[in-house]
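Novice: One structure is given below, represented as structure tokens, and several questions about it will come after.
The values are calculated or read from the model by the stated rules, or taken from the named source; none is laboratory data. Worth saying up front: this structure is predicted, and the values here are computed from it rather than measured. Cβ atoms come from the backbone with ideal geometry, glycine included; neighbour counts cover every protein chain shown.
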Amino acid sequence: MVDKRDYDEDDVRSRPPRSTRPRTKDRPDYTKAEQAFVIAVDRGRTTCLFEDKNDLIITAMKSRELGKKSVVVGDMVGVVGDLSGSEGSLARIVTVAPRKSALTRTVDDAAELERMIVANVDQMAIVLAAANPEPRHGFVDRALVVAFDQGIKPIIIVTKCDLADGKEFLSAYDDLEIEIYKTKRGDDLTTIRGALAHKRTVLLGHSGVGKSTLVNALVEKADRATGIVNEVTGRGRHTSSSALALRLDSGDGWIIDTPGVRSFGVAHVDNKRVIGAFNEFAEAIEHCPTNCSHDEEACALNHWDLDEKSKARLTSLRRLMTSE
């Protein structure tokens, strides 16, 4: 049994303070941070371009002040520190400007784990092959859903058109009025260059569809590795390991090449924003019940006076939003 006794102040042990530095609400002043464009992110190192300094390129790392905030290709960031760009120099990214758009995909639909791919793009080019590997509606549909959700203009670029014309596959998107460009190895790319001019365009596609070959044709110094398609699985192997922004040879636009993706989840996307991107349905949507999924009997769009063209577009949109 423990003896009972009176305790006095000598029995009290005081834990020493963890830090003698006084707390302060003051934060570092980064108003003089230089603004740069992120063109690559790889293993914790970020490559930044200063367009107003004769395209000076520097390497930087994210500062602790940014916490868990991600930095991705396409971001406009504030940079401090060594901005010389000399070999071995390393600056710090201290701010990330508000994004006008963000291309994200859900890595695991069950867990709804999102991963951001790029930011601040005007256009999404969905690159698919007419054959080898065969095009898949599921991937294209999901990419379109994210584009409509973020207000990014989608276009479709079909490669390997010497193997097939892809007409039947592409007919599923006729009602959505998406611009479609077809090409094959060695083709004149003048029309595609025109579609990319004066825009920041992210290229998105499965491995093996010829995305890197297309990039090398559009940007002479790109030197992106190209791969082949596995004859057994029908899938390509990854040839690009990270996203990279490249200025077009014409100098009037940017393309962002991304690693080939095997899956593109959209669990994070709100269908109301997707269908809201189509102005012809705006008035009808105002009469929808609260939390309407726009794919149910009570949806006002089912009872609205739509012309045949709008009905066809609505059918196509609903297919996109329920794509597995």
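Novice: Count, please, the residues in segment 69-94 that happen to be among the small types (G, A, S) and in contact (Cβ under 8 Å) with a residue 60 or more places away in the chain.
Specialist: 1
Novice: Are any residues in segment 157-182 under 21 Å from the mean Cα position of the chain (by Cα) and crowded, with 23+ Cβ neighbours inside 10 Å, and if so, which ones?
Specialist: Correct list: I157, V158.
Novice: Something else now. I'd like to check something: does segment 99-117 contain any residue that is more than 18 Å from H268 (Cα to Cα) and either charged (D, E, K, R) or outside the structural domain of H198 (by TED's automatic domain parsing) (or both)?
Specialist: Within segment 99-117 (the criterion being more than 18 Å from H268 (Cα to Cα) and either charged (D, E, K, R) or outside the structural domain of H198 (by TED's automatic domain parsing) (or both)), the answer is no, since none of the residues qualifies.
Novice: Moving on. What number of residues in segment 145-173 are within 19 Å of K211 (Cβ to Cβ) and assigned to a loop (DSSP other than H, G, I, E, B)?
Specialist: Result for segment 145-173: 7.
Novice: Which condition breaks for T46 when tested against (1) modelled with pLDDT of 95 or more; (2) surrounded by fewer than 17 Cβ atoms within 10 Å (Cβ to Cβ); (3) of a type outside the set (G, A, S)?
Specialist: (2)
Novice: Here is a further query. List the strands (runs of 3 or more DSSP E) that sit entirely inside segment 90-143 and contain at least 3 residues that are crowded, with 17+ Cβ neighbours inside 10 Å and modelled with pLDDT of 85 or more.
Specialist: In segment 90-143, 91-96, 113-119, 123-129 are the strands (runs of 3 or more DSSP E) which contain 3 or more residues that are crowded, with 17+ Cβ neighbours inside 10 Å and modelled with pLDDT of 85 or more.
Novice: Now, a different point. For segment 71-100, name all the residues that are closer than 18 Å to D122 by Cα and charged (D, E, K, R).
Specialist: Listed by number, the residues that qualify are D75, R99, K100.
Novice: One residue is enough: does segment 291-311 have a residue meeting the conditions surrounded by fewer than 19 Cβ atoms within 10 Å (Cβ to Cβ), at pLDDT 85 or above and of a type in the set (F, W, Y)?
Specialist: Yes: segment 291-311 contains one or more residues that are surrounded by fewer than 19 Cβ atoms within 10 Å (Cβ to Cβ), at pLDDT 85 or above and of a type in the set (F, W, Y).
Novice: Further question on the same structure: Filter segment 41-77 for residues that are over 21 Å from R247 (Cα atoms) and in a strand (DSSP E or B) and give the result.
Specialist: Those that are over 21 Å from R247 (Cα atoms) and in a strand (DSSP E or B): M61, K62.
Novice: Among the candidates I157, I192, I178, which residue alone is hydrophobic (A, V, I, L, M, F, W, C), over 13 Å from I255 (Cβ atoms) and touching a Leu at 6+ places or on another chain (Cβ under 8 Å)?
Specialist: Just a single option satisfies the conditions, and that option is I178.
Novice: Okay, next question. Modelled with pLDDT under 95, part of a loop (DSSP other than H, G, I, E, B), farther than 22 Å from L246 by Cα and of a type outside the set (F, W, Y): is that true of D29 in this structure?
Specialist: yes
Novice: Looking at (1) at positive phi; (2) in contact (Cβ under 8 Å) with a residue 60 or more places away in the chain; (3) touching a Leu at 6+ places or on another chain (Cβ under 9 Å), find the lone condition where G151 falls short.
Specialist: Every listed condition holds for G151 apart from (3).
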